[in-house]
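Step one of this worksheet: look at the structure below.
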Amino acid sequence: MSRKQKSYGICRICGESKELTFEHVPPETVFNKGAVRNVDLDAVMKETVKKNKLPWEVNYRNAKIQQRGRGGFYLCSNCNSCTGQWYVPGYSRFVHAIQGAMGQVGEQKYESLGLTIKNIKPLQIFKQVMTMFCDINSGLMGDDSLKGYLLDKANRSFKRDRYHLYAHIHAGALERMNGIMVQATNYGIITLSEISTYPLGFTLYIDKPRNYKPEGVEITAFSEWDYEDETDVKIIIPKLECNTVFSGDYRTKEEIMESANGEVQNSEGATKDLG
Ligand SMILES: [Zn+2]
């Protein structure tokens, strides 16, 4: 297979129709080099629902393998190289600091990791994460202001009342890169997109109901700094498991099996009543 295949389309940041370049999402510098299997949601649903399997039991052998890591042809070379230069180095430092702390804890069990990270640049980290969400979602998630926000490194006009960004340490059986999904909950409609890969996951909530408190640590305030600002950040990051394909579902395998058993019992109960 030729690696020089060209791809043309609409750049997901500038919106122009151009030749698109391959971009690693998350960046190559943060542990995104090895081959990955891409599984699409429908395939997983078919296996889990029709064959009654748990998500981590699904046989992914037929899934397409992406040799050079996760990513795709999302951006034109200009948008790819600008965002890469401006935001990736700061983001990469942040992720490596957290991964280093995870390494120190090693195999010990923990629910969250508290650490102080010295000399980080919050706005650069924030803008890299927003770039990744614009990569995996088309049409700037319906918000044209993100174009100017991301293509001008100093731009700070961000809709802080619309977006809430949460981070967590990635754990569990599956990695997730999900575009916007809408979920009906007791709190109302939750609109979210999630990128959860080793070692760090991010969940972006759009117009989140006020009383809904997501899991993870909120880092929306990273957007309040200036581009060159550097600071020490004290942060407590929860470790959350991804064991299903659904964004925002951080149940452990045990919790999933418990609720699956509960459903089986309930349906048996219903049969009895009918009989
Ligand atoms: Zn572009």
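For the reader, a short list of remarks on this structure follows.
- DSSP-loop chymotrypsin sites (Phe, Trp or Tyr not before Pro) across segment 151-190, with at most 16 other Cβ within 10 angstrom: Y187
- Ranked by how many other Cβ atoms sit within 10 Å of their own Cβ, fewest first, the residues H96, H170 fall in the order H96, H170.
- Here T116, T203 are placed in order of increasing Cβ neighbour count within 10 Å, fewest first, which gives T116, T203.
- Simple label model, 7 Å out from Cα along Cβ direction - L41 to R210, nm: 3.0 nm
- For the chain, hydrophobic long helices are taken as DSSP H runs at least 20 Å long by C-alpha position along their axis with mean Kyte-Doolittle hydropathy of 0.0 or more; these are 122-136.
- Straight-line cross-link reach from K147 at under 25 Å between alpha-carbon atoms covers these lysines, not counting any fewer than eight positions away in the same chain: K6, K18, K121, K127, K159, K208.
- Radius of gyration (Cα atoms) of the chain, expressed as a multiple of 2.2 N^0.38 Å: 1.07.
- Sorting M130, M257 from the fewest to the most surrounding beta carbons within 10 angstrom yields M257, M130.
- Whole-number percent relative contact order across the chain, with pairs defined as alpha carbons under 8 Å at least 6 apart: 20 percent
- Over the chain: helical MRE at 222 nm, DSSP H runs n ≥ 4 each giving -39500 (n - 2.57), nearest 500: -9500 deg cm²/dmol
- Antiparallel DSSP beta bridges within the chain, as percent of all bridges there, nearest 5: 95 percent
- As a ratio to 2.2 N^0.38 Å, the alpha-carbon radius of gyration for segment 47-202 is 1.18.
Computed from the coordinates by the stated procedures, all read-outs in this text should not be read as laboratory data. All values derive from a computational prediction rather than experimental measurement. Cβ sites come from the backbone with ideal geometry, for glycine too, and all protein chains shown count toward neighbours.
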